[in-house]
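Below: one structure, written as structure tokens.
Where a number appears in this text, it was derived from the coordinates with a stated rule and is not lab data. Nothing here was measured: the structure is a model prediction, and the numbers come from that model. When we count neighbours, we look across all protein chains shown, and the Cβ atoms used for this are built from the backbone with ideal geometry, even at glycine.
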Amino acid sequence: MTEILQAVRGMNDVLPDDSAAWQQLEDAAREVFADYGYREIRLPLLERTELFKRSIGEFTDIVEKEMYTFEDRGGDSLTLRPEATASIVRACLGNGLLHNQRQKVWCMGPMFRYERPQKGRYRQFHQIDVEALGFPGPDVDAELILMTARLWKKLGVRGLALKLNSLGTPESRRDYRAKLVSYFEARLDTLDEDSRRRLSGNPLRILDSKNPAMAEVIQGAPLITDHLDEESAAHFARLRAHLDAATIPYVVNPRLVRGLDYYSRTVFEWVTTDLGSQDAVCSGGRYDGLVAQLGGGPTPAIGWALGEERIVEIMRLQGLVTAVGKPDVYLVLAGEAAEAAGLGVAERLRDAVPGLKVEVNCGGGSFKSQMKRADKSGARFAVILGDNEAALGTAALKSLRDDSGQREIAQADLGNELTQALRTAAA
């Protein structure tokens, strides 16, 4: 027997029974973004490797360990995108969208990182990403956070907590970095292998270590919030004032640094206790130097990304999945003449009642087997068409969810009858 091939490790199929939750999340996100004036941008999955080395940073785990990178037939080094922000900046610069303009954009789709697969962390994962480019003040920082809070409210998601920090400017961060290096060098024997490697390249990432053995030494490290430049401190205070005025609760976490080199000033995370160690579900921050770093002019910018897999899992755990994709009507066709007429009847029904979900029995089968399929489909009603009904221009309408029986109706009246029956059933 030929072996059935399985999906690549860490890259999962989303099956029809599961996709309803994804659609629910994505539909809610589209509605919220439109309410705030953000527009969709669509990006390629493949980018030049140099884009991520220049933006994310060569000493990050993503670039050093996790990117899917290969050389194409033309000799170019290409990478499956591990995140979306750098691609959005590249697209805006390459298409002139930042020339005397500001942009509020969003995208969604798969990202790729070679990580150890575990619950909530996959090698192909899906993100919804939102970016605001050209906005310098803390008001847009607050707007992006308020947008996430509104998305949680729209979905009904409960129990998410907001963590905030400021990383200051690159200049103030360099001063803080020197103090941090000095502190950890004096305690070199307490550092694990990853932290020793990061010490020379990206010491702030040591603060983000998940190794419990590192907790005590990290706890004693200098706090970045004690070393902010005056302007960054004022920016952070104004952001908190905006959130306080909007009654958005948060916790200032001076150890929150984020994993990418391009962040400056505001950084934040929404976290949950529902998913174990994979607690961050939405993360973001300001990256005022990235546009210039990628060849553009000085441009302030901020954005966030949420992991769809993690939000969908929370929705399931909290019983919030409501979109089930069931048809309203299942069309049973008994006989050759009925089969010939059936698709036309279904089309006229869809024309008569916009939005009506009609599933037609395809592939034949006995009347009994078709009725079993109708019941299994989850439809509330069956429309039964036999050869006699096809000749007379009638059909039988039968409820599948109660004992009200069935009645004969002219095909021309099916739309009105179904509209009324569905309205009554929903009341």
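Key figures for this structure:
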item: Estimated dipole of segment 329-426 in Debye, rounded to 20 [Cβ of Lys and Arg +1, of Asp and Glu -1, Cα centre]; result: 440
item: For segment 169-280, alpha-carbon Rg and Dmax in angstrom; result: 15.1, 46
item: Lys/Arg +1, Asp/Glu -1 at C-beta; segment 77-155 dipole; positive extreme among 111, 149, 133; result: 111
item: FRET efficiency, residue 118 to residue 7 (Cβ-Cβ, R0 22 Å, nearest 0.05); result: 0.85
item: Within-12-Å neighbourhood charge of residue 426 [Cβ basis; K, R +1; D, E -1]; result: +2
item: Given 104/163; 104/154; 119/210; 65/153; 119/163; 153/357, the pairs whose alpha carbons are separated by over 26 Å; result: 65/153; 153/357
item: Whole-Å semi-axes of the chain's equivalent ellipsoid (Cα gyration tensor); result: 53, 23, 21
item: For q = 0.25 Å⁻¹, Debye-computed log10 I/I(0) when each Cα of segment 286-379 counts as one equal scatterer; result: -1.18
item: Amide H within-cut-off set for residue 264, under 5 Å, with H built and near neighbours excluded; result: 286, 287, 288
item: Relative packing of 358-365, 50-57, 328-335, 402-409, which averages over residues the other C-beta atoms within 10 Å, highest first; result: 328-335, 50-57, 358-365, 402-409
item: Residues of type aspartates and glutamates that residue 398 reaches as a straight line, Cα spacing below 13 Å, ignoring anything fewer than 8 places off in the same chain; result: 328, 375, 408, 417
item: Extension gain, residue 43 back to residue 316 (0.36 nm per residue minus Cα-Cα distance, nm); result: 95.4 nm
item: Charge sum, other residues only, whose C-beta stays under 12 Å from residue 110's C-beta, Lys/Arg counted +1 and Asp/Glu -1; result: -1
item: Separation in nanometres of the label points that stand 7 Å from Cα toward Cβ, at residue 73 and residue 347; result: 4.2
item: Coarse-grained scattering of segment 375-426 at q = 0.14, 0.17, 0.24, 0.25 Å⁻¹, given as base-10 log I(q)/I(0) from a Debye sum over alpha-carbon atoms; result: -0.35, -0.51, -0.94, -1.00
item: Net +/- balance of residues flanking residue 7 in space, Cβ distance below 12 Å, scoring K and R +1, D and E -1; result: +1
item: Proxy reagent accessibility, fewest Cβ within 10 Å first, across 190, 2; result: 2, 190
item: Square roots of 5 times each gyration tensor eigenvalue, C-alpha, segment 329-426, largest first, Å; result: 18, 16, 12
item: The chain, dipole about Cα centre (Lys/Arg Cβ +1, Asp/Glu Cβ -1), debye to the nearest 20; result: 460
item: Highest to lowest packing among 6-13, 343-350, scored as the average C-beta count within 10 Å; result: 343-350, 6-13
item: Distance in nm between pseudo-label sites at residue 101 and residue 340 (7 Å out along the Cβ direction from Cα); result: 5.7
